[in-house]
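Asks: Encoded as structure tokens, here's the structure I'll be asking about.
The values are calculated or read from the model by the stated rules, or taken from the named source; none is laboratory data. Being a predicted model, the structure only gives us computed values, none of them experimental. Note that each Cβ is placed from the backbone with ideal geometry, even for glycine, and that neighbours are counted across all protein chains shown.
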Amino acid sequence: MQALTRATWKGSALPLTEADRRLAHLVDDLWAGYFADVPRPNDLVVGFAFPWKWRLARIRMALDEQWSEIGVNPLLRHPAVPHDIYIAVLAHEIVHYAQGFGSPLPRQQRHAHAHGAVDHELARRGLGHTEEVLATWGEHVWPHLRAEAFTQHRATRRAFRQAPLQDGRKYAIVDVKAVQTIAWQGR
């Protein structure tokens, strides 16, 4: 039996969240259901990463090839994101792993998306519909989700710039990650 996906970040200061655990379980379920024939020669780590503007997720491998990580855009934590989008994004990254991108497996082609390789592989494994769902969602919902997140981020920064300090100082050291997390959760 293959090793389970870990839901931790190597060297990350962010604590492990329940959402990260759910991602790890979803990757394991996808692997067992659709990618059981793909070997896992290294550890796979999954979690929420950086809020990219255009990228929904990425896979990369450590230099020592001991582990690979799938980083998912944290903007996908929004309640409006359907479960099918998680399946589409994670299945896409697992296909990259299976084809040797972000994994120690031999590469099947020179470029990750050459000749529709990911789409063909997803269709072959019964997940072809996920790319269509993702494309439609990405065209109609993703721009609004990004705009909302940017507006919240800008409002948070503005609030801290305008907030007077009690001791008369002009600048304060602020934990920006904590502020962004609080703003995203609506507190």
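Asks: Give G138, G102 a once-over and let me know the one that is part of a loop (DSSP other than H, G, I, E, B) and either touching a helix residue (DSSP H, G or I) at 6+ places or on another chain (Cβ under 9 Å) or not assigned by TED's automatic domain parsing to the domain that holds E65 (or both).
Replies: Values: G138 fails: part of a loop (DSSP other than H, G, I, E, B).
Answer to the selection: G102.
Asks: In this structure, is V81 within 26 Å of G116 (Cβ to Cβ) and assigned to a loop (DSSP other than H, G, I, E, B)?
Replies: Numbers: within 26 Å of G116 (Cβ to Cβ): yes; assigned to a loop (DSSP other than H, G, I, E, B): yes.
Yes; evaluated as a whole, the condition is true for this residue.
Asks: Within the stretch 28-64, which residues are exposed (fewer than 13 other Cβ atoms within 10 Å of the Cβ) and of a type in the set (G, A, S)?
Replies: A32, G33, A36
Asks: Could you tell me whether any residue of the stretch 23-44 is farther than 22 Å from E131 by Cβ, touching a Pro at 6+ places or on another chain (Cβ under 7 Å) and at pLDDT below 95?
Replies: Taking the stretch 23-44 and keeping what is farther than 22 Å from E131 by Cβ, we get 24-25, 39-43.
With the extra rule that they be touching a Pro at 6+ places or on another chain (Cβ under 7 Å), the set shrinks to 41-42.
From the residues that got through so far, the ones that are at pLDDT below 95 too are 41-42.
Yes, the stretch 23-44 contains at least one residue that is farther than 22 Å from E131 by Cβ, touching a Pro at 6+ places or on another chain (Cβ under 7 Å) and at pLDDT below 95.
Asks: If you take the residues in the stretch 106-121 that are assigned to a helix (DSSP H, G or I) and aliphatic (A, V, I, L, M), which one is nearest to V95 (Cα to Cα)? Quick ask: steps written out before the conclusion?
Replies: Step one: list which residues in the stretch 106-121 are assigned to a helix (DSSP H, G or I), which gives 114-121.
So of that shortlist, the ones also aliphatic (A, V, I, L, M) come out as 114, 117-118.
On the way: A114: 13, A117: 9, V118: 6 Å.
If we take residues in the stretch 106-121 being assigned to a helix (DSSP H, G or I) and aliphatic (A, V, I, L, M), then V118 is nearest to V95 (Cα to Cα).
Asks: Can I ask one more? Would you pick out the residues in the stretch 122-135 that are assigned to a helix (DSSP H, G or I) and under 24 Å from V81 (Cα atoms)? It would help to see each step written out before you state the result.
Replies: Just the residues of the stretch 122-135 that are assigned to a helix (DSSP H, G or I), to begin with: 122-124, 128-135.
Across the stretch 122-135, the qualifying residues are L122, A123, G128, H129, T130, E131, E132, V133, L134, A135.
Asks: Determine the pairs where a residue that is more than 25 Å from P106 (Cα to Cα) and small (G, A, S), located within the stretch 46-68, has a partner that is assigned to a strand (DSSP E or B) and at pLDDT 90 or above with Cβ atoms under 7 Å apart, the partner being 6 or more residues away or on another chain.
Replies: Matching pairs, first to second residue: A49/G71; A49/V72.
Asks: Collect the residues in the stretch 63-108 that are over 20 Å from A32 (Cβ atoms) and among the aromatic types (F, W, Y), keeping them in residue-number order.
Replies: Scanning the stretch 63-108 gives a single hit, F101.
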